[in-house]
Structure formats: C-alpha cells, structure tokens
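Remarks on the structure that follows.
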Amino acid sequence: MTDTSNQMWGGRFADGPDAIMEAINASIGFDQRLARQDIDGSRAHAQMLGDTGILSGSDAKAIREGLLTVLSEIEGGTFQFSTALEDIHMNVEARLRELIGEPAGRLHTGRSRNDQVALDFRMWVRDQCDAATQGITALMHALLAQAEAGADWVMPGFTHLQTAQPVTWGHHMMAYVEMLSRDRARFGDARRRMNLSPLGAAALAGTSFPIDRHATAKALGFDAPAANSLDAVADRDFALEFLAASSITAMHLSRFAEELVIWSSAQFRFVTLSDRFSTGSSIMPQKKNPDAAELIRAKIGRILGANVALLTVMKGLPLTYSKDMQEDKEQTFDAADALMLSLAAMTGMVSDMNANQDALRAAAASGFSTATDLADWLVRVLGLPFREAHHITGRLVALAEAENCDLPDLTLDQMRSVHDGITESVYDVLTVEASVASRTSYGGTAPSEVRKQIAAWKDRL
C-alpha cells in the first residue's frame, strides 16, 4: 500500500494490507463509473462548507475548481486509477491533493465515505431511472406507430398459444404499450422515493459541524435530506426498487421477444425482421435467425439475477454500513446496461419489422376463431341461454371438423341440422372482420376502439 493510501485510512494502521486483501477490498475497477456523481456531490459539499464558514472561501473555491480538473481528466481518459486507493472517492481525493495541495484534505469535513458512496450510488441510480424512462418511451412510440399502421389488420388472438378469437394487429401492439406504461410508472415511482439526499449523515450518526444538509440536497436535485442518518447510510432500497422495476420490464420485453421469435418462423410468417436485427447460419444459407429477439429474451436472467443477488446481500445486514454493501454496484451496473441495451434493440426491431397482413388474416380465420361470435349470435338473435348456445356451437365446431372445413363454410342446412332456428343472418358474424368490428366495448379489439387508444396515448406521451 502506498503512503497516500495509508494517509487516507488514517494513523490507525501502520502497515497496508497484503495483495489479497487489497484485491478483495478494492472497488475502483467498477465504481469508477460513479466519477461524475462523486465529483458533483463533492463540489456541492465544498460549496456548502464554504457558505457555512466551515471552510474558507478560498479553500472551497480551490476544491471546487480542482474537482473540475479531475473530472476533465477522467472523462478525457488521462486519469490514472489506482487499486491501492481502493475506490473512486479516494482516487479523486488523492488526485485533488496532487493538484491543489493541503486544502484537499479539508474536503472530507462533515462527511464520511459511508454517506458519500450512498449519495453517489443513489444519484447514479436516479440517472438510470431517467434513462430507462426515456428508453421505454421510445419503445412505446415505436409500438404506437405499428399499431396505427395496422389498426384494422386482423390476426389471431391466442390463449394457451391456441387460436382463441380474432383480434387486430393494432390491439396486440397496444397491449405492450399498456405493459410498458406500467413499467414507466414504476421507474417514476421509484425515482420519487429515492430522491432524498444521504449527504451529511456522515458515518452513521450525523456530524457536529454546522452543515446545511438542505442546501446540498437542493444543489444536487433532491427533494430533501434523508431524515434519519442511520437509514441514510444503510439504505439500498433505491437500488432494489430499480432492479425490481428493471426485472418486470425485462420480463415484458422477454414476452414480446418470444412472440417475435415465433412470429418470424417459417411456420407462422407473421412478421419479417430486418437484416439489422437478424443473423445467418454458418452452414444453412436459407436461415435468418432472430438473434436480437433471442438475446433480449435471455436478458431477464441476468437482470432478475441481479435483483435476487442484492436482496440476498442485504437481507442479513444489521444497521448501518457493512462492507457487504460494496457488492451492490456491479449487479446494478450490469442490470442497467442489459436493460438499456434490450430496450434499444427492441425499439429498433419494432421500428423495422414488417407484418405480413395476409398471413395474419389467414391465421385469424383458422381454428374456428369465430365460434364465440356464433354462440353470441345464438344468444342475441334466438334468445338461447348462453350455456345452451355454447353447447350448440360446440356441436357445430365438431361438424365442421368432420367436414374438414371452417364454420363459415358450413351450409345453412348443415347448421340447421344442429339447431333449426339458425337463419342466413348467422353468416354476417362469422367473418373475422365482422368479429373484430363487433368488439366495441371499452378496451376492445375493434379498430375504432384501437384508434381511440392510440390517440389517447399519443396525447399522454
């Protein structure tokens, strides 16, 4: 360990740790991603120390200007990070000392690395909530464009991956808009809850210096300081909420990715994905693989894994800070990267993909998809109880299967052989177009309803 590092630790340790301890203790390999947040927090802290008279104006100014120099070196790629200095905080402070000398040692007045790292990490996660919200919004716009283009394109709706009832392409796209709107709201809710500043909680008990925590909170965009110093340094709920919201979002992306994998297969041919988001085979020249969708489908594993990992780290920790909490960042960094990449890739795929309207319509018309419309007609026109209508429709489906045809292909005589009250007007409800057009209940699949929802979401976004 260098002398500088020993000075950082203080006089308690005559010797530095050996190489193994240094390796397990150091976090600079990953927490250097917090550099901007660390320097922003330190500059706000220095400003407050100067404003309250805890530091002289000249020292506060030297610190703030020196920190800008450090940030420019980091962002310019010329900064030399040292594992001997453990973390981003010590690396920044050591370089600041080289730049401005003795005043750098005054920066840490009234704070600890415990509230410093809690601040840096909270600010970083807050930024990621904003980034996720922007990424989700971009994907919602791409889905809205697809929905608007195909508001009246008929496709099969599925339950159990079996043809259930006809729906519209626009309606299906809008289902994911609704899912993503909840994801967007979750990130917004998490951001609001995490927007309390831990700076000034110091190691765990606050400080005897007359600091102004409200001033630093305001300067850093927080709503207020965290009200309890113990909780301020021990809390990682903000990261857990971010990971929980990320996990649910990734699950939604995975569900859509699975549909794109199925839909782009030769057996379905519902969509064609662009070459930008597909790959070929090294041996089979005809192949066009939906690899981007498959990789998005897999990202839920590492994102949910990060959520479980951090929950496991935190579940047994007494108040306040333990070194275990150093394991909070790598998981969160990785999950955030995976989520943003997945959102960007899905937005690209949705923007570029082409729906095969003919294949969608043909699939919608298969599998007796208008059977429910037939049952509803029997109730509405003949006045039958729904259970009796359900039974009659089942018999008509069995008859169509035996005749190797679909319901609209049965003759009127064949239908009357099951129930003699059926009339010619039954055929008006047996087309897939008529089926979707009739579903005009709020939130239904009728093109008129889909267009209302598209317009409403355009206004909201």
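Under 9 Å by Cβ, and 6 or more places apart or on different chains, what pairs join a residue from segment 129-145 that is within 15 Å of ALA345 (Cβ to Cβ) and touching a residue at least 60 places away in the same chain (Cβ under 8 Å) with one that is acidic (Asp, Glu) and open to solvent by less than 20 Å² (accessible area, probe 1.4 Å)?
Cβ pairs passing all conditions: ALA132/ASP183; ILE136/ASP183.
Given the residues PHE81, PHE30, which is the only one that is surrounded by fewer than 22 Cβ atoms within 10 Å (Cβ to Cβ) and in a helix (DSSP H, G or I)?
Just a single option satisfies the conditions, and that option is PHE30.
For the subset of segment 413-427 comprising residues that are outside any helix (DSSP H, G or I) and open to solvent by 50 Å² or more (accessible area, probe 1.4 Å), which member is farthest from TRP377 (Cα to Cα)?
Result: SER417.
Within segment 95-109, can you find the residues that are open to solvent by 10 Å² or more (accessible area, probe 1.4 Å) and small (Gly, Ala, Ser)?
If the condition is that a residue be open to solvent by 10 Å² or more (accessible area, probe 1.4 Å) and small (Gly, Ala, Ser), then GLY101, GLY105 are the ones that fit.
Taking segment 389-412, which residues are open to solvent by less than 80 Å² (accessible area, probe 1.4 Å) and among the acidic types (Asp, Glu)?
If the condition is that a residue be open to solvent by less than 80 Å² (accessible area, probe 1.4 Å) and among the acidic types (Asp, Glu), then ASP406 is the only one that fits.
List every residue pair whose Cβ atoms lie under 8 Å apart, where the two residues are 6 or more positions apart in sequence or sit on different chains, the first residue falls within segment 171-195 and is closer than 26 Å to PHE222 by Cβ, and the second residue, located anywhere, is among the basic types (Lys, Arg) and in a helix (DSSP H, G or I).
Short answer, once both residue conditions are applied: ARG191/ARG126; MET194/ARG122; MET194/ARG126; ASN195/ARG126.
Pull up segment 438-447, narrow it to residues that are surrounded by fewer than 20 Cβ atoms within 10 Å (Cβ to Cβ) and not hydroxyl-bearing (Ser, Thr, Tyr), then point me to the one that is farthest from the chain's Cα centre (by Cα).
Here the answer is GLY444.
Tell me, which residue of segment 157-181 that is of a type outside the set (A, V, I, L, M, F, W, C), in contact with a helix residue (DSSP H, G or I) (Cβ under 6 Å, 6 or more places away or on another chain) and modelled with pLDDT of 95 or more is surrounded by the fewest Cβ atoms within 10 Å (Cβ to Cβ)?
So the residue we want is TYR176.
Residues being open to solvent by 30 Å² or more (accessible area, probe 1.4 Å), under 19 Å from ASP51 (Cα atoms), in a helix (DSSP H, G or I) and hydrophobic (A, V, I, L, M, F, W, C): count how many of those fall in segment 182-231.
The qualifying residues number 2.
Picking from ILE54, ILE136, which residue would you name as being β-branched (Val, Ile, Thr) and part of a helix (DSSP H, G or I)?
It is ILE136.
I'm checking my understanding of the structure. Among residues of segment 275-318 that are of a type in the set (Lys, Arg), at pLDDT below 95 and in a loop (DSSP other than H, G, I, E, B), which one is nearest to SER342 (Cα to Cα)?
LYS288
In this structure, does PHE13 turn out to be out of contact with any Gly (no Cβ under 7 Å at 6 or more places or on another chain), at pLDDT below 95, open to solvent by 20 Å² or more (accessible area, probe 1.4 Å) and closer than 30 Å to ARG126 by Cα?
no
Among the numbered conditions (1) at pLDDT 95 or above; (2) touching a strand residue (DSSP E or B) at 6+ places or on another chain (Cβ under 6 Å); (3) open to solvent by 40 Å² or more (accessible area, probe 1.4 Å); (4) not charged (D, E, K, R), tell me where LEU360 comes up short.
With (1) at pLDDT 95 or above; (2) touching a strand residue (DSSP E or B) at 6+ places or on another chain (Cβ under 6 Å); (3) open to solvent by 40 Å² or more (accessible area, probe 1.4 Å); (4) not charged (D, E, K, R) applied to LEU360, the lone miss is (3).
Check SER366 against each of (1) in a loop (DSSP other than H, G, I, E, B); (2) open to solvent by 40 Å² or more (accessible area, probe 1.4 Å); (3) over 17 Å from PRO156 (Cα atoms) and name the one condition it does not meet.
Of (1) in a loop (DSSP other than H, G, I, E, B); (2) open to solvent by 40 Å² or more (accessible area, probe 1.4 Å); (3) over 17 Å from PRO156 (Cα atoms), only one is false for SER366: (3).
For segment 30-74, name all the residues that are free of Cβ contacts under 8 Å to residues at least 12 places away in the same chain and under 33 Å from the mean Cα position of the chain (by Cα).
Within segment 30-74, just SER72 meets the criteria.
The values are calculated or read from the model by the stated rules, or taken from the named source; none is laboratory data. For clarity, every value in this text was computed on a predicted model and none was experimentally measured. Ideal geometry is used to build each Cβ from the backbone, glycine not excepted, and the neighbour counts take in all protein chains shown. For the accessible areas, the whole protein counts, side chains as well, though only heavy atoms, and no ligand, DNA or RNA atoms are used. Shrake-Rupley method; radii C 1.70, N 1.55, O 1.52, S 1.80 Å.
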